[in-house]
Amino acid sequence: MNPITINCPWCKKHVALVWIGFYSDGYHASRQRSFQEPIVTSSDKANWSIAECPICHECVIVKLKGSYVIAIMPSPLPNPTDNRINPTVIKDLDEAKLCLSVGAFRASAAMCRRAIQQACIQQGMDGKKDLEKQIDELQSNGIITSHISKWAHSCRFLGNDAAHPDHPEVTEKDATDVLNLAEQLMNILYVMPAISKDVNVVHERKK
């Protein structure tokens, strides 16, 4: 079975989990030992194993069906957000990811909407305007294309659904889609300009 890699919910490091079990050595008490394959406890519906973080040595419970991982408890942390994005926006995106990881889909979509509005303000858009006008202003100022503007408006629509009780329910797919779109938007607004700046610096040094 291929190693399971996660962002550890305990120490927050990206690790390959180690399967653990117990063995008895004569009259001595049982001792913990690592294994290449999971040591399984079975039920009618699934298999259960214990895995350990090799850094902090805290454990998670892994639910398996055959060789497929169905769930890990506590839930692994989401992938970290690129640190070239504005810190205020990172905070909102990280909260959106955490909400998604625990099944709080409405909260995740709402935080994505907040992250986009934070980004608009950080990009110099009028903070007194509503998000729809801020996104349009990003486009009219040439910061984003019409195609990317549609992405941002899609996130806004789903964020509105999440925030208002009379709007449609936000599904897991909805929340996942809006998070992916929001993070890609931040890559365009923050990460790509940072990469371009770094490339230009290198180019200038080579002159």
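The values are calculated or read from the model by the stated rules, or taken from the named source; none is laboratory data. Bear in mind that the values here come from a model prediction, so they are computed numbers and not experimental data. Note: ideal-geometry Cβ built from the backbone for every residue, glycine included; neighbour counts use all protein chains shown. These area figures cover heavy atoms from the full protein model, side chains too; ligands, DNA and RNA do not enter into them. Shrake-Rupley method; radii C 1.70, N 1.55, O 1.52, S 1.80 Å.
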How do the pairs read when you match residues in region 175-196 that are outside any helix (DSSP H, G or I) with residues anywhere that are exposed (fewer than 14 other Cβ atoms within 10 Å of the Cβ), using Cβ under 6 Å and keeping only pairs 6 or more apart or on different chains?
none
I'd like to check something: does region 89-100 contain any residue that is closer than 26 Å to C8 by Cβ, open to solvent by 60 Å² or more (accessible area, probe 1.4 Å) and either of a type in the set (A, V, I, L, M) or touching a residue at least 60 places away in the same chain (Cβ under 8 Å) (or both)?
yes
When you scan region 61-72, do you find a residue that is open to solvent by less than 40 Å² (accessible area, probe 1.4 Å) and either charged (D, E, K, R) or over 30 Å from V40 (Cα atoms) (or both), even just one?
no
Condition first: closer than 30 Å to I72 by Cβ and either over 22 Å from the mean Cα position of the chain (by Cα) or not aromatic (F, W, Y) (or both). Can you find one or more residues in region 187-196 that meet it?
yes
Cβ pairs under 7 Å, 6+ apart, first in region 3-20 and closer than 18 Å to S49 by Cα, second surrounded by 17 or more Cβ atoms within 10 Å (Cβ to Cβ) and among the polar types (S, T, N, Q)
W19/S49
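Which one of I135, I116, I121, I143 is in contact (Cβ under 8 Å) with a residue 12 or more places away in the chain and part of a loop (DSSP other than H, G, I, E, B)? I'd like the intermediate steps shown before the answer.
Numbers: I135 fails: part of a loop (DSSP other than H, G, I, E, B); I116 fails: part of a loop (DSSP other than H, G, I, E, B); I121 fails: part of a loop (DSSP other than H, G, I, E, B).
Being in contact (Cβ under 8 Å) with a residue 12 or more places away in the chain and part of a loop (DSSP other than H, G, I, E, B) holds for just one of I135, I116, I121, I143, which is I143.
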Residues satisfying the stated conditions in region 145-170, i.e. open to solvent by less than 10 Å² (accessible area, probe 1.4 Å) and closer than 20 Å to M192 by Cβ:
S149, A152, C155
Does region 101-112 contain any residue that is open to solvent by less than 40 Å² (accessible area, probe 1.4 Å), of a type in the set (S, T, Y) and not in a helix (DSSP H, G or I)?
no
Looking only at region 39-60, and only at residues there that are β-branched (V, I, T) and not in a loop (DSSP other than H, G, I, E, B), the one that is most open to solvent (accessible area, probe 1.4 Å)
T41
